[in-house]
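Okay, so here's the structure we're looking at.
The values are calculated or read from the model by the stated rules, or taken from the named source; none is laboratory data. Since this is a predicted model, take the numbers as computed values, not measurements. Positions of Cβ are backbone-derived with ideal geometry, glycine not excepted, and every protein chain shown enters the neighbour counts. SASA here: full protein model, heavy atoms, side chains in, ligands and nucleic acids out. Shrake-Rupley method; radii C 1.70, N 1.55, O 1.52, S 1.80 Å.
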Amino acid sequence: MGLLGAGILTTTFLRGALATTVEDNVREVARTDVAAQQFDLAIQNGVLTVEPSDAARDTDLFVAVYSPTGDGELLGVAGGRGATPPDLPETFPLDRALPRENGVYTLWSEDGEAEYRYAVTVQETRNGGVAFYTQLVAAPLAGVNRTVATYLGIYSIIAVITIVVGAIMTRLLVTLAFRSLGQVETTAMSISAGDLSSRMTDIEPGTEVGRLKMAINAMLDRVDGAISQRDATVQQMRRFVGDASHELRTPLVTVRGYAELYRMGAIHGDEQIAQSMDRIEKEAIRMGGMVEDLLALARLDERRDVVITEVDLRPIARDAGLDVRATSPRREVTVIDTTAEAEARPAPSSTPAEPAAKKRQAPAITRAGATLAMLRRRARTAESEGAETAETEPATSPAGRREPIVLGDENRIRQVVTNLLGNARRFTSEDSPIELRIGVDPTEETGWIEVSDHGEGVPDQIKEKIFQRFWRADTSRTRETGGSGLGLSIVQSIMEALHGTVRVMDTPGGGATFRVAFPLASRRDAEEHRDLETQPIQPPPA
């Protein structure tokens, strides 16, 4: 279309330019006495006579002479080199010629096929007297038409060659530029066949196809990740439903069994009835605890019942140590504050020099120790709250060192520490020591609590699985560990709700260390922290 338009426009302009040249030539020739060169002009008896001249020159121009008298009849025509003469006017009087002397006009041949340009002037002759006559000079446009036709032929050939060569070159360039789209097609076919691991290779970021490949790879990664996450979620949900059904079915079967035995009369006497009621009560308590854990997880998933305030981790760790010491007197529980200048042991622990008789008496005073620990915890909590109220800069001590005052929900943080300590107690022997450490990470701007035990530890291949709901290393569903697999899930859910992190590491010398980290109160205010998205803070590198 571009070549066609260019051809039409250039042809029009070319013909116009050539026609203008012919018109200028006709006008200039008409101003000369060209008739005197083609004819022998003479005045006889006052009448202009026109005779062909022997000295006439051969020319493409047609020269016509009209009589100066009367109506200006045509007296003679010369020139034209044998071309088809134009259809000249039969008369051209002087009064008609004078107004047209400066113009150029158009004539056609008798058959209407040849076009001419003509000009008229009034000339004077003095051969035998003085007379004025009309001179008409006409030039054919056949030469112009031949030139235009030649140009059109040449242009058409060049245009066809240009179109063919352009099509071939465009084909080659497009094929060369988009040759890698074949890989896109192949990869798309592979993906449609079910191979979601297929990816684009040979990526050139500076090209459109390269950027397309990068976008497709990113999209495939997102799709593959979403599908993998969906499959993992489905598998986790199936396992969750199965485990929850199993865990709830077991106490229900026990309760139902004792009820059927009682209805069938197989339970006799006050002692058997009391024993049956005790078993039913214990199973109901265990089932109720499991339901409470499930409700707690549901509330955490909905981000309910979370109150963000400034919390000091030190009294929480000390109270947790007192609780473990009260419930497990044989354990050595150590609380280490890495932000202080000296380590503190809030709960007295048994030493090798302690008399054996005192150790044997420990189980008998467990209940009293628990009560004492509870009273101490309440007193320490009150003192800590009073101290925090009096401080002007809770995140920094007077000496300038950072203190473990974080943003979180105190009740939830205590629940996290309690669950981690319960996990450590469950998987270690009764006399295995437990350490609680409190510290501050200035690089990540977090305060943390670590719970370390010295048991068998957590293998690397299951460190990511232990936080799944109802997941236990003991897949036989026995009650050797006494847990239902919800404790660490609750820990992870609480940490996500508080925008914190939890990770498990190996304890030097054997065992597992769980570290929970919370943003420091100096990092942002509680209102801003509560309005954050549910995305947890990225954990520091292990």
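Observations, loosely collected:
- All of R263, R230, R238 fail the test of being under 39 Å from the mean Cα position of the chain (by Cα), at pLDDT 80 or above and either surrounded by fewer than 11 Cβ atoms within 10 Å (Cβ to Cβ) or not in a helix (DSSP H, G or I) (or both), apart from R230.
- Strands (runs of 3 or more DSSP E) lying entirely in the stretch 85-194 (those with 3 or more residues that are open to solvent by less than 80 Å² (accessible area, probe 1.4 Å) and small (G, A, S)): 131-140
- Unmet requirement for M200, which otherwise passes all of (1) more than 30 Å from E113 (Cβ to Cβ); (2) modelled with pLDDT of 80 or more: (2)
- Filter result for E450 (at pLDDT 85 or above, acidic (D, E), within 19 Å of M495 (Cα to Cα) and surrounded by fewer than 19 Cβ atoms within 10 Å (Cβ to Cβ)): no
- Some residue of the stretch 1-15 being β-branched (V, I, T), under 18 Å from A139 (Cβ atoms) and part of a helix (DSSP H, G or I): no
- Residues of the stretch 28-44 that are over 15 Å from A56 (Cβ atoms) and open to solvent by less than 60 Å² (accessible area, probe 1.4 Å): A30, A42, I43.
- Put simply, of V50, V77 the only residue that is within 23 Å of G129 (Cβ to Cβ), assigned to a strand (DSSP E or B) and of a type in the set (A, V, I, L, M) is V50.
- Neighbours by Cβ (under 7 Å, 6+ apart or cross-chain): first from the stretch 188-202, over 17 Å from A226 (Cβ atoms); second assigned to a loop (DSSP other than H, G, I, E, B): S190/S198; D202/S180
- Any hit, the stretch 53-60, residues being open to solvent by 40 Å² or more (accessible area, probe 1.4 Å), under 18 Å from L141 (Cα atoms) and not in a helix (DSSP H, G or I): yes
- Selection within the stretch 473-520 - of a type in the set (G, A, S), in contact with a helix residue (DSSP H, G or I) (Cβ under 9 Å, 6 or more places away or on another chain) and either modelled with pLDDT of 75 or more or closer than 21 Å to N411 by Cβ (or both): G487, S489, S493, A497, G500, G511, A512, A517
- Filter result (at pLDDT below 60 and assigned to a loop (DSSP other than H, G, I, E, B)) within the stretch 295-316: E302, R303, R304
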